[in-house]
Structure formats: structure tokens, C-alpha cells
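Student: Can you keep this structure in mind? I'll have questions shortly.
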Amino acid sequence: MSGGSRSCSRTFPLRGKMSADIPAAEGGRPVRERFLHFARPSICDGDVESVVQTLRSGWLTVGPQTREFERAVASYVGVPGAAAVHSCTAGLHLAMVALGVGSGDEVIVPALNFASAPNSVVHLGATPVLVDVDPKTLNVTAEIIESAITERTKVVIPVHFGGRPCLMDEIMEVGRRRGVKVLGDAAHAIGAHLGSRKVGSVADVTAFSFYVTKGMTTGEGGIVTSHDEDLLARIGRLSLHGMSSDAWKRYTERGPWYYEIVEPGYKYNMNDMQAALGLCQLERVDDFRESRTRIAARYEEAFSELPALTIPGRFDGGQHAWHLYQIQLDPDMLTIGRDAFIRAILDEGIGVSVHFIPIHYHPYYRDHFEYSTGSFPATETYYERALSLPIYPDMTDADIDDVIAAVVKLLRYYGR
Ligand SMILES: Cc1ncc(COP(=O)(O)O)c(C=O)c1O
């Protein structure tokens, strides 16, 4: 085939424009040569030393570091106790077991969600009842929850999406009035506040994630907080096979060899290496959140006047944790769709992601439940338009500038 008109159309946009204005996807120069990862943990020498000391101590599994970490997180969140587990997913699962969720029950969960809560509901033989979110906040509201409650509803699991706290007082009021327990999914929300109260101190029970990308990390890990100490004791027991309490001590010189299984539990415990890292990270969790807040403010300043973008609203009722910074693209104002925009920004050297593919779009949920496209308009519209930008404490000012430059460059080039 002769090159002729094809090679012409490829080079045409370069006329009158600098190569730096042309997207790398169209043959221009990328904003960055070195790829900026979408997320990465902030690990200091103290974190490394803390884990190394634990390794040298010879005690690696659940033990004194884990118990200290539980006390430290409980005090940080403002609750009497906490149960450390292997992941937020494990925490959500165990909290539902402890709340008595079982066959025939319904559990309300947002469709704009990660798989953890809906999958755990399925594991318990209960039915996940999906609901839409408020398009402005991307959180569920008391009203949305109440409209989905039936006599079979046992638990509702609001997600503090992206680190923005749900309006928990209103949700708790509905829960109390309708006899439904509230289990907060605070995977994104360590360090977030509702007024002066921390997320994790308001719901009946709350699960946090310490996965590598989260507000602080233990590598993999999670914790459950509550004011109900009996519930926490049961969750702690269930996380270690359902053994009688403090069974881990049976390995110490003074501890007894004897243990009892008081109910069939799971192997979901945190270990002391994770907890040692967590103890060090917890000391910096407010600094991490402040760094994220500062990045969100820079993005807001740069993006608020761009008509093709919707940016996250501010949270005036306390403190946002800014785990995610999602932008939404207006398809009527751009010549490319969201997926092509993602490919183009990756070509600029900027890592991005999407949170989340709606639960009812996944094959298992599509095939086993009667939801379809159109069931959750706010969730679906958001999903079609959204991408999440990098936002983490170790980003430099130059990194933040590059993200802004890449977004602005692509919007200019592909704007209608
Ligand atoms: C909303 C939500 N819930 C739960 C989880 C699960 O966290 P973990 O990986 O600690 O199980 C995630 C993970 O990203 C999440 O986004």
C-alpha cells in the first residue's frame, strides 16, 4: 500500500503545534519519560527497622506486636478495642459472621464497590442486595438504604468511597429504627473524620484495609473496630480457627499446650511482621492524609475550571481521607471516550486506574442476580466516565505537575 494520504493524516495534527502538545499516543512527546506509578506505599527506615527487629525477635506470627497494634489503632480511632486480621475482606467476612448473617438474609451493599463485601455475603449463603449511590458524593445515603430494606435485611455495608465519609449519623438512625446493623467498609478511610469523630467509631462495626495502596499499609492487612467488645472478642477468636482466646500464647514457655475450638473459625489472623510495620505506619498516618489532602487541593485548583471534567466535591462535614482522586470525563465535550483517554494518559507516562467496575457488570453477578445495565444509573454513568489519578504521599511536586500537565494536554487536544 502506498503511504500517500494515510501518512498525511498521521502527521497533520503536528502542523502549527509543538510536539509536546501532541499526545504521545499520536506521535508527540510524552509528558514523562519515566513512568509515574498509580500508587505506591511510603516506607521509611523506621518501618524497615521495625520489621527487621520483629524478624530478629524470632516471633513472627500473631503475638505481642499484633496485640499492641490493635490497642494503638483502637486508641487512634477512638474505640475500646480492635481485632487485627489478614485483610479488610477477612474483616468484613468475620464481622458478618459475628453479626449472625446467614442463609436467607439480605445484606445491602453499593453496586459501586470492590468485590470484598458482595463476595463475602455470597460465601455466607446470604443475598447481596445492590443499591445505587448519590452521584454527587458516590456514597450511599440513608434514603437509598432505607428504600432497599426488607424484613430479611440483616446488615448494610456503606463504603466510604475514595475516603469520603458517608453521613453515618443518618445511616445509623435508619439502622436502629429498622433493626439493621451497620458495618462500615472503611477500606479507603483510615484517618477520615465525621466532625470530630473518626470513621470507625460511629458504625456498629467497621473494617479497614492496610493493603499496599491504602492510607497506611501492613503489606496485606486489615482491622475491625467497634464499641462492642464482645463482638470484637468473637471476631478475634474467629480469625484464629475459633480457638479459645489468646490461643497463640500456647506456644510460649508459660502458655498451656491445651486449646479448645469453641466454634469453627477461619485462618484470618494478622502476623507480627505486619503489625510491626503497621505500628510504625500508624505514627505517620495523619501526615500521609495531609499529603494526600494537599495533592487533592492542587488537582482541584488545576481542574476546577475545565468544563470537560467533573472533579470530586469537597467534604465539609469533617476530614476526607483522599485515598482516591477520581475525575469524570464529559463524553459530549471530547472526541475520545474514557478507555481511549486512559490509553493516552498511560502513553504520557502517568499511571491511572478505575474504581470500580460496577458489581453487576461482573459475569458472576450478572449471571446469578437479576440486575442489568440500567439498574444503577449513577453507578453506571460514573463508571463510563471515570478514572482515578495518582495521589500518594511520596509524589513530588514535579510528579503532581506532570499529572496535571498530562490531563490538561489531553483535554486540550481531544476537546471538541
Ligand atoms: C471498598 C473496598 N473494600 C474492601 C477492600 C478489600 O481490602 P483488602 O485488600 O484489605 O481485603 C477494598 C480493596 O481495595 C476496597 O476497595
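Student: Work out how much length E384 to A148 would gain on full extension: take 0.36 nm times their residue separation and subtract the Cα-Cα distance, in nm to one decimal.
Tutor: Extra length available between E384 and A148 comes to 82.5 nm.
Student: Okay, next question. By how many nm would the segment from R416 to R34 grow when fully extended, if each residue of separation counts as 0.36 nm and the alpha-carbon distance is taken off?
Tutor: Residue separation times 0.36 nm, minus the Cα-Cα distance, leaves 134.5 nm.
Student: Between R314 and L60, what is the FRET efficiency for a Förster distance of 56 Å, r being their Cβ-Cβ separation, to the nearest 0.05?
Tutor: 0.80
Student: Additional query: Quick one: angle between helix 88-98 and the longest Cα principal axis of the chain, in degrees between 0 and 90, rounded to 10, please.
Tutor: Compared with the principal axis, the helix lies near 40 degrees.
Student: Taking R0 as 30 Å, what FRET efficiency do you get between Y258 and D230 from their Cβ-Cβ distance, rounded to the nearest 0.05?
Tutor: 0.80
Student: Let me ask something else about it. Using alpha carbon centroids, what distance separates segment 43-86 and segment 99-139, in Å?
Tutor: So the separation of the two Cα centres works out to 30 Å.
Student: Here is a follow-up. May I ask which residue of F315, I223, F303 lies farthest towards the positive end of the charge dipole of segment 204-353, with charges of +1 (Lys, Arg) and -1 (Asp, Glu) on Cβ and the Cα centre as origin?
Tutor: Most positive-ward Cα: I223.
Student: Can you pull the one-decimal nm distance between simple spin-label points at S304 and R176, each 7 Å off the Cα toward Cβ?
Tutor: So the two model labels end up 3.6 nm from each other.
Student: Most exposed first by the Cβ proxy, i.e. fewest other Cβ within 10 Å, how do K136, K409 rank?
Tutor: By the 10 Å Cβ count, ascending: K136, K409.
Student: Students often check this: by mean Cβ neighbours within 10 Å, which of 301-309, 356-364 ranks highest, and how do the rest follow?
Tutor: The peptides rank, most packed first, as 356-364, 301-309.
Student: Per-residue HN-Hα couplings for segment 300-306, Karplus 6.51 cos²θ - 1.76 cosθ + 1.60 at θ = phi - 60°, whole Hz, x for Gly and Pro?
Tutor: Taking θ as phi minus 60°, the curve returns 4, 4, 6, 9, 5, 9, 8 Hz for segment 300-306.
Student: Continuing with this model, one more query. Among D367, D228, D132, D185, what is the fewest-to-most ranking by other Cβ atoms within 10 Å?
Tutor: D367, D228, D132, D185
Student: Residue separation times 0.36 nm, minus the C-alpha to C-alpha distance between D367 and D401: what's the value?
Tutor: That works out to 7.9 nm of additional length.
Student: Right, another one. Expressed as an acute angle from 0 to 90° and rounded to the nearest 10, what is the orientation of the C-alpha long axis of helix 45-57 relative to the principal long axis of the chain?
Tutor: Helix 45-57 sits at roughly 30 degrees to that axis.
Student: Taking the Cα centre of the chain as origin and charging only Cβ (+1 Lys, Arg; -1 Asp, Glu), how large is the dipole, in debye to the nearest 20?
Tutor: Roughly 700 debye, rounded to the nearest 20.
Student: Using label points projected 7 Å from each Cα along Cα→Cβ, tell me how many nm separate R71 and D134, to one decimal.
Tutor: About 3.9 nm, to one decimal.
Student: So what's the angle, to the nearest 10 degrees on a 0 to 90 scale, between helix 272-282 and the longest Cα principal axis of the chain?
Tutor: It is inclined by approximately 60 degrees.
Student: Another question, then. Which one, D332, D402, D134, has the greatest fluctuation when you compute a Gaussian network model over the chain with C-alpha springs under 10 angstrom?
Tutor: D332
Student: May I pose another question? What FRET efficiency comes out for R294 versus K267 if R0 is 41 angstrom and r is the Cβ-Cβ distance? Round to the nearest 0.05.
Tutor: Taking R0 as 41 Å, the efficiency between R294 and K267 is 0.55.
All of the numbers you see were taken from the coordinates with simple rules; none came from a lab. Quick caveat: nothing in here was measured; it's all calculated off a predicted structure. Ideal geometry is used to build each Cβ from the backbone, glycine not excepted, and the neighbour counts take in all protein chains shown.
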